[in-house]
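Beneath this line is the structure, given in structure tokens, with notes to follow.
The values are calculated or read from the model by the stated rules, or taken from the named source; none is laboratory data. A quick note: this is a predicted structure, and the numbers were derived from the prediction, not measured. Positions of Cβ are backbone-derived with ideal geometry, glycine not excepted, and every protein chain shown enters the neighbour counts. In case anyone asks, the SASA skips ligands and DNA or RNA and just uses the protein heavy atoms, side chains included. Shrake-Rupley method; radii C 1.70, N 1.55, O 1.52, S 1.80 Å.
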Amino acid sequence: RFLLPLDGAPQTMSILEWIQGLGWRAAIVILVPLVAGVIAYAVVADEPTEHRAVATVNTPASPAVNLTPQVANQAVANLRALVSSGAFAAVVADDTGLPPKQVQSSLVSSRIGAGMLVEISSTMLDAQEAIEVAAAAGHRSVQLVLSTELGAAQAAEDLALETFNQSNDAVKEATELYGADPTVQLDLARSALGQAQAARARAVASGATSTELRKLEGEIEVLEAQIAELVPIAADFEVLTRSRDAAELQVAKTRSDTQAIEAVIAAADASVVEPIEASAISNRVPVARKVATVVALAGVLALAVVLVLELVWPRTDTKPNEQATLEHSGTTGDVVPSPIQGDS
């Protein structure tokens, strides 16, 4: 069999009617959030005041690139990412003697405008600790943000210096092997050959004897043989000296690059504005936010409890103004009045 209202239209129930029919269960939806809010306020209202200290830094940028807006943005992003890292917090913790987790949770960085200035703040219960952490973080941030570039420059300088030492040692070994610089010996031999050839020419012109001519020609032959022997030696030695000179220039260049980065870091470190004092932060807004969150969660939980009760323990009460329905018999087709059944 089936039930129909007298007017033939389906009967619906609004949310307001459902709430009005909750009876004592409505107290759960009201009292649970209220009690939770009171308890939450009692717990968080007495939280101590925090203190915030701010250090201002001028973000250093690598001197190897032109300082375009894109480069500035990337430099600032690199510094802020560094400040939020656990490794950075560990370094600052070593400087201040505080736990790394406490340091990391207290640090916040923010860019000032569109330039290179960045504020690094530390929020802690102790004002002096906040000042110390903010100051240490300011100096460490500009010292470490270019650590990768500085390390690469120092590695390049070390490699260039190692190459120079090897080339210089090869030149020294060659010099000791030949007794002197082969290129200098070659120049001296060529100069002596020129002088001998000139002396022979003068002797021929002056009518010198054949003995004197043979002596001069012997000297010329010795010098020519000596030169022929020195040419390949001097060529190899010249390669060694050129390699050494190139390595020496590379050492100077890489050392200049390292010094340029160190100068940028030193200038940025000197420009750090350390916090003088820490400002007290009111906890009214955090308390209100926490209490509101607890009340909202308690309200959702209370509503869920009521819905579970509606399913597990349905209401059996009937509204006094409910209309009667007509119950149709499935066998005879007679229509008889029947009251609308309650929640079942």
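Residues checked against (1) in contact with an Asp or Glu (Cβ under 9 Å, 6 or more places away or on another chain); (2) surrounded by fewer than 17 Cβ atoms within 10 Å (Cβ to Cβ); (3) touching a residue at least 60 places away in the same chain (Cβ under 8 Å):
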residue: S141; (1), (2), (3): no, no, yes
residue: L161; (1), (2), (3): no, yes, yes
residue: F164; (1), (2), (3): yes, no, yes
residue: S167; (1), (2), (3): yes, no, yes
residue: L186; (1), (2), (3): no, no, no
residue: R190; (1), (2), (3): no, yes, no
residue: A201; (1), (2), (3): no, yes, no
residue: A208; (1), (2), (3): no, yes, no
#### Entry: Residue ID - nearest to the chain's Cα centre (by Cα), chosen from residues in region 30-58 that are more than 16 Å from A298 (Cα to Cα) and at pLDDT below 85
T49
## Note on the structure
The condition from (1) more than 19 Å from V108 (Cβ to Cβ); (2) of a type outside the set (D, E, K, R); (3) not in a helix (DSSP H, G or I) that A53 misses is numbered (1)
#### Entry: helices (runs of 4 or more DSSP H) enclosed by region 71-172 - at least 2 residues per element that are over 17 Å from A55 (Cβ atoms) and not polar (S, T, N, Q)
86-96, 100-106
### Task
Restricting attention to region 65-82, report how many residues are surrounded by fewer than 12 Cβ atoms within 10 Å (Cβ to Cβ) and not β-branched (V, I, T).
3
### Task
For I281, indicate whether it is within 30 Å of A61 (Cβ to Cβ), modelled with pLDDT under 95 and aliphatic (A, V, I, L, M).
no
### Message
Suppose the filter is among the small types (G, A, S), at pLDDT 95 or above and either closer than 28 Å to I276 by Cα or touching a Cys at 6+ places or on another chain (Cβ under 6 Å) (or both); does A61 pass it?
### Response
no
### Query
Here are some residues: A298, A268, A247. Which one is part of a helix (DSSP H, G or I), surrounded by 13 or more Cβ atoms within 10 Å (Cβ to Cβ) and modelled with pLDDT under 85?
A298
### Odd one out for S271 among (1) in contact (Cβ under 8 Å) with a residue 60 or more places away in the chain; (2) farther than 30 Å from I112 by Cβ; (3) of a type in the set (S, T, Y)
(2)
### Query
Mind checking whether some residue in region 40-59 is surrounded by 14 or more Cβ atoms within 10 Å (Cβ to Cβ), out of contact with any helix residue (DSSP H, G or I) (no Cβ under 7 Å at 6 or more places or on another chain) and under 28 Å from S256 (Cβ atoms)?
no
### Query
Considering only residues of region 181-195 that are among the aliphatic types (A, V, I, L, M) and under 14 Å from E238 (Cβ atoms), which is farthest from the chain's Cα centre (by Cα)?
L186
### Query
Can S122 be described as surrounded by 17 or more Cβ atoms within 10 Å (Cβ to Cβ), within 17 Å of V142 (Cβ to Cβ) and in contact (Cβ under 8 Å) with a residue 24 or more places away in the chain?
yes
### Task
Only one of these is part of a helix (DSSP H, G or I) and either more than 30 Å from L150 (Cβ to Cβ) or within 54 Å of the chain's Cα centre (by Cα) (or both): E238, E277. Name it.
E238
### Query
From the list I120, I131, I112, which residue is among the hydrophobic types (A, V, I, L, M, F, W, C) and in contact with a helix residue (DSSP H, G or I) (Cβ under 9 Å, 6 or more places away or on another chain)?
I120
### Query
So is R289 within 30 Å of V118 (Cα to Cα) and either open to solvent by 50 Å² or more (accessible area, probe 1.4 Å) or in a helix (DSSP H, G or I) (or both) or not?
yes
